[in-house]
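J.: Dropping the structure in here first, questions after.
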Amino acid sequence: MTVGPLSRAPDSPPPSLAELLERIATDASLTPRQRQETCSALRTVGRASGRRLEEIQANPRQLRERLVTLTPTMAGVSAGRWANIVSLVRGALKLAGLTTILGRSTDPLAPEWRDLFRHLNDRRLREGLSRFGRYCGKLGINPSEITDAVATSFLAALKNDSLIRNPRQVHRTMCVVWNRAAQTIAAWPPSQLNIPQYRQTYSLPWEVFPSSLRDEIAAYFERLSGKDLLAEFDFRPLRPASIESYRQLLRAYLSALVHRGRDPDSYRSLADVVGVETVKDGLRFFLDRAGGDKTKQIYNVARMLTALARYWVKIDASQLEQLRGICRRLDSGKAGMTPKNRDLLRQFDDPGNVEALVTLPQRILARQNRRAELSRADALQVQSALMLELLLLVQARIGNLASLDIERHILQTRAGGKGAVHLVVPEEEVKNGVAIEAKLSADTVRLLDIYLERYRPLLLERSSSRLFPNGSGGSKSRQTRRDQICKFVRSECGLTINPHLFRHIGAKVYLDAHPGAYGVIRLVLGHHSFDTTICVYCGTENAAAMRHFDEHVPHLRAQAAPMPERKRRRAR
């Protein structure tokens with residue numbers, strides 16, 4: 001017989017996946033094959049999560065957040081099979097009465113909604129409103145009763161009662177297409193929904209601030225660049241990347257003052273924004289956002305303002321000392337690698353993860369070489385493989401990687417297929433001022449040649465000398481490249497990384513094999529100071545050092561002469 005829903009008292013925790021599995025295994029409303037496949041899907045989610053089913057709650061919201069972090073590779077299945085697994089888990093939750101909104105529902109619409117949907121001839125409008133129409137129909141809400149409150153309750157249901165991957169995007173899309181239908185379809189209810197803006201930023205446009213302030217800011221950063229070769233400076237000129245970082249910090253700080261209730265028109269010059277009390281007020285905005293905790297951003301804003309007050313505004317010594325005191329109080333004292341990156345780096349204590357990452361470029365190339373016809377998606381795969389290869393072997397930053405130019409940065413001395421290929425980025429284009437110069441290995445050159453000959457042309461819409469061009473022939477943005485490489489590694493290896501982590505991965509892998517070899521890492525990463533290298537990487541090789549140490553004792557035991565067996569005493 002059919003087993004009832006997994007009901008719980010209001011204050012009790014939700015059931016576990018183990019209980020859900022037991023519920024599905026005894027449900028007579030399912031065929032034996034359906035029970036088998038659904039139970040297998042639940043077990044696969046447990047294996048991919050690295051948790052026992054008893055430890056995972058069958059809570060839609062928590063399960064969605066868990067599933068977002070998993071990939072088919074982590075589950076050891078294909079992408080198609082993983083999609084089926086998620087669909088089966090979603091169906092199990094609905095069958096047990098634990099969720100109300102499915103990914104793609106085939107349930108019939110309520111009569112009022114069915115009549116309204118007959119006017120939807122646009123497929124995108126129909127798809128965007130399908131879940132919302134079924135949700136309202138189940139609650140007895142008619143189309144004429146739709147308000148922002150109903151839309152908000154729909155968002156809450158998406159978050160709490162479904163496994164839909166991006167609830168906020170689904171909600172926003174629904175609001176957009178509802179308004180479009182109301183504007184273009186005469187039979188549609190005329191109510192307009194508020195469209196949420198989830199990508200809100202507190203940084204205001206530069207145009208908000210007086211032109212006199214903007215002009216002075218432009219002059220200040222022009223001086224920081226050191227372009228005037230005849231000018232004498234009492235500071236070291238900054239590189240373009242550093243100037244852009246300072247520009248963003250200053251814009252954020254000026255916006256923070258506005259959010260604190262100050263009139264932007266009152267700031268006519270930079271002298272108006274570096275007073276001690278003004279600085280405190282602006283920094284208070286960042287501290288409130290961080291819950292009162294010190295952060296690197298807050299400290300950097302304070303340092304930027306102190307330098308601005310000292311070198312440009314030239315405030316008096318007493319005020320300058322107060323600003324320096326603020327910097328000292330905001331300095332967390334934490335140097336080296338961030339805790340987040342240390343957590344991510346622990347993935348590579350597993351030799352299997354290291355092997356999966358370092359062999360990925362060649363595996364992708366081997367896979368693509370078996371294809372007879374090539375597509376743009378294939379080209380992006382090989383492009384990602386080449387990006388990964390350069391991040392692993394050259395230790396370039398994502399900014400330099402994104403702007404690589406075939407004519408300026410890829411230098412070849414080969415003729416007739418012989419010779420060397422170097423990747424060279426001059427010091428003025430590198431963040432730390434240390435030029436990148438690396439001779440590419442034979443495998444890397446082979447991947448580069450195949451990419452340039454077969455795959456890059458599929459990505460070009462116009463002539464370009466960029467190694468990784470965008471649609472207009474220029475360089476793709478740093479964020480676009482960042483997202484591309486992170487999604488690529490996650491999809492293929494099931495690993496969570498960020499582009500800067502590659503420098504840490506390279507250092508860790510080398511230090512695992514050669515504990516204490518900080519001198520080599522300093523040269524490879526271009527650190528000016530040996531102390532910087534030690535500060536960042538000291539401790540990352542602890543696991544390898546302990547492994548070497550633990551292996552030493554069994555080695556000594558194996559070398560020792562076998563101990564003679566003691567004669568047993570006869571029992572009396």
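The values are calculated or read from the model by the stated rules, or taken from the named source; none is laboratory data. What you see is a predicted model; the values in this text were computed from it and never measured. Heads up, the Cβs are rebuilt from the backbone with ideal geometry, glycines too, and the neighbour counts pull from every protein chain shown.
J.: So the check is Cβ under 6 Å with 6+ separation or different chains; which pairs have a first residue in the range 438-461 that's under 26 Å from Pro426 (Cα atoms) and a second one that's of a type in the set (Val, Ile, Thr)?
T.: Taking only residues 6 or more apart or on different chains, the pairs are Ala438/Val394; Leu440/Val421; Val445/Val421; Tyr451/Val382.
J.: Do you know which residues across the range 79-99 are hydroxyl-bearing (Ser, Thr, Tyr) and within 17 Å of Thr31 (Cα to Cα)? Talk me through it step by step, then tell me what you get.
T.: Here is the first cut: in the range 79-99, the ones hydroxyl-bearing (Ser, Thr, Tyr) are 87, 99.
Residue satisfying the conditions is Ser87 alone.
J.: Another one. Considering Leu67, Leu98, Leu109, which residue is among the aliphatic types (A, V, I, L, M), assigned to a loop (DSSP other than H, G, I, E, B) and in contact (Cβ under 8 Å) with a residue 60 or more places away in the chain?
T.: Sole residue among the options that is among the aliphatic types (A, V, I, L, M), assigned to a loop (DSSP other than H, G, I, E, B) and in contact (Cβ under 8 Å) with a residue 60 or more places away in the chain: Leu98.
J.: Now a separate question. What is the residue count in the range 217-258 for residues that are under 22 Å from Leu323 (Cβ atoms) and either among the hydrophobic types (A, V, I, L, M, F, W, C) or within 28 Å of the chain's Cα centre (by Cα) (or both)?
T.: Looking only at that region, the number is 23.
J.: Looking at Leu411, Leu467, Leu460 in this structure, which one is touching a helix residue (DSSP H, G or I) at 6+ places or on another chain (Cβ under 9 Å) and in the same structural domain as Val489 (by TED's automatic domain parsing)? Give the steps one after another, and end with the answer.
T.: Working: Leu411 fails: touching a helix residue (DSSP H, G or I) at 6+ places or on another chain (Cβ under 9 Å); Leu460 fails: touching a helix residue (DSSP H, G or I) at 6+ places or on another chain (Cβ under 9 Å).
Only one candidate qualifies: Leu467.
J.: Test Ala402 against the stated conditions and say whether it is among the hydrophobic types (A, V, I, L, M, F, W, C), closer than 19 Å to Tyr253 by Cα and surrounded by 20 or more Cβ atoms within 10 Å (Cβ to Cβ).
T.: Numbers: among the hydrophobic types (A, V, I, L, M, F, W, C): yes; closer than 19 Å to Tyr253 by Cα: no; surrounded by 20 or more Cβ atoms within 10 Å (Cβ to Cβ): yes.
Taking the combined requirement at face value, the residue does not satisfy it.
J.: If I filter the range 224-245 down to residues being under 25 Å from Thr201 (Cβ atoms) and not charged (D, E, K, R), which single residue comes out as surrounded by the most Cβ atoms within 10 Å (Cβ to Cβ)?
T.: Checking each candidate, the answer is Leu224.
J.: Next up: Name the residue that is surrounded by the fewest Cβ atoms within 10 Å (Cβ to Cβ), counting only residues in the range 504-543 that are among the charged types (D, E, K, R) and either at pLDDT below 75 or assigned by TED's automatic domain parsing to the domain that holds Lys431 (or both). Spell out how you get there, then give the answer.
T.: Narrowing the range 504-543 to residues among the charged types (D, E, K, R): 508, 512, 522, 531, 541.
Right, trim to either at pLDDT below 75 or assigned by TED's automatic domain parsing to the domain that holds Lys431 (or both) and you get 522, 531, 541.
Working: Arg522: 20, Asp531: 12, Glu541: 23.
Here the answer is Asp531.
J.: Still on this structure, please answer the following. Can you say whether Arg90 is touching a residue at least 12 places away in the same chain (Cβ under 8 Å) and either among the polar types (S, T, N, Q) or assigned to a helix (DSSP H, G or I) (or both), as far as the supplied structure shows? Break it down stepwise before answering.
T.: Numbers: touching a residue at least 12 places away in the same chain (Cβ under 8 Å): yes; either among the polar types (S, T, N, Q) or assigned to a helix (DSSP H, G or I) (or both): yes.
Criteria met by Arg90.
For every residue, the table says whether it meets (1) under 21 Å from Thr444 (Cα atoms); (2) of a type outside the set (A, V, I, L, M).
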residue: Gln347; (1), (2): no, yes
residue: Asp350; (1), (2): no, yes
residue: Arg363; (1), (2): yes, yes
residue: Leu386; (1), (2): yes, no
residue: Leu390; (1), (2): yes, no
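J.: Somewhere in the range 482-490, is a residue at pLDDT 80 or above, surrounded by fewer than 16 Cβ atoms within 10 Å (Cβ to Cβ) and assigned to a helix (DSSP H, G or I)? Talk me through it step by step, then tell me what you get.
T.: The initial filter retains those residues of the range 482-490 that are at pLDDT 80 or above, namely 482-490.
With the extra rule that they be surrounded by fewer than 16 Cβ atoms within 10 Å (Cβ to Cβ), the set shrinks to 483, 487.
Then keep just the ones that are assigned to a helix (DSSP H, G or I); that gives 483, 487.
Yes, the range 482-490 contains a residue that is at pLDDT 80 or above, surrounded by fewer than 16 Cβ atoms within 10 Å (Cβ to Cβ) and assigned to a helix (DSSP H, G or I).
J.: Let me confirm something: among Gly128, Gly91, Gly97, Gly137, which residue is of a type outside the set (A, V, I, L, M) and touching a Leu at 6+ places or on another chain (Cβ under 6 Å)?
T.: On the way: Gly128 fails: touching a Leu at 6+ places or on another chain (Cβ under 6 Å); Gly91 fails: touching a Leu at 6+ places or on another chain (Cβ under 6 Å); Gly97 fails: touching a Leu at 6+ places or on another chain (Cβ under 6 Å).
Testing whether each residue is of a type outside the set (A, V, I, L, M) and touching a Leu at 6+ places or on another chain (Cβ under 6 Å) leaves just Gly137.
Matching residues to (1) exposed (fewer than 14 other Cβ atoms within 10 Å of the Cβ); (2) out of contact with any helix residue (DSSP H, G or I) (no Cβ under 9 Å at 6 or more places or on another chain); (3) within 28 Å of Ala151 (Cα to Cα); (4) of a type in the set (Gly, Ala, Ser):
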site: Asn179; (1), (2), (3), (4): no, yes, yes, no
site: Trp188; (1), (2), (3), (4): no, no, yes, no
site: Arg247; (1), (2), (3), (4): no, no, no, no
site: Ala252; (1), (2), (3), (4): no, no, no, yes
site: Ser255; (1), (2), (3), (4): no, no, no, yes
site: Val258; (1), (2), (3), (4): no, no, no, no
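J.: Regarding Leu250, is this residue part of a helix (DSSP H, G or I), within 13 Å of Ala307 (Cβ to Cβ) and not assigned by TED's automatic domain parsing to the domain that holds Glu429?
T.: In short, yes.
J.: Could you tell me which residue of the range 337-391 is nearest to the chain's Cα centre (by Cα), considering only residues that are part of a loop (DSSP other than H, G, I, E, B) and of a type outside the set (Val, Ile, Thr)?
T.: First, the residues of the range 337-391 that are part of a loop (DSSP other than H, G, I, E, B): 337-338, 350, 359, 370-375.
Subsequent filtering for residues that are of a type outside the set (Val, Ile, Thr) retains 337, 350, 370-375.
Numbers: Met337: 17, Asp350: 22, Arg370: 31, Arg371: 30, Ala372: 33, Glu373: 32, Leu374: 29, Ser375: 26 Å.
Only one residue tops the list, namely Met337.
J.: Restricting to the range 79-97, and then to whatever is modelled with pLDDT of 85 or more and over 22 Å from Glu22 (Cβ atoms), can you tell me which residue is surrounded by the fewest Cβ atoms within 10 Å (Cβ to Cβ)?
T.: The extreme case among them is Gly80.
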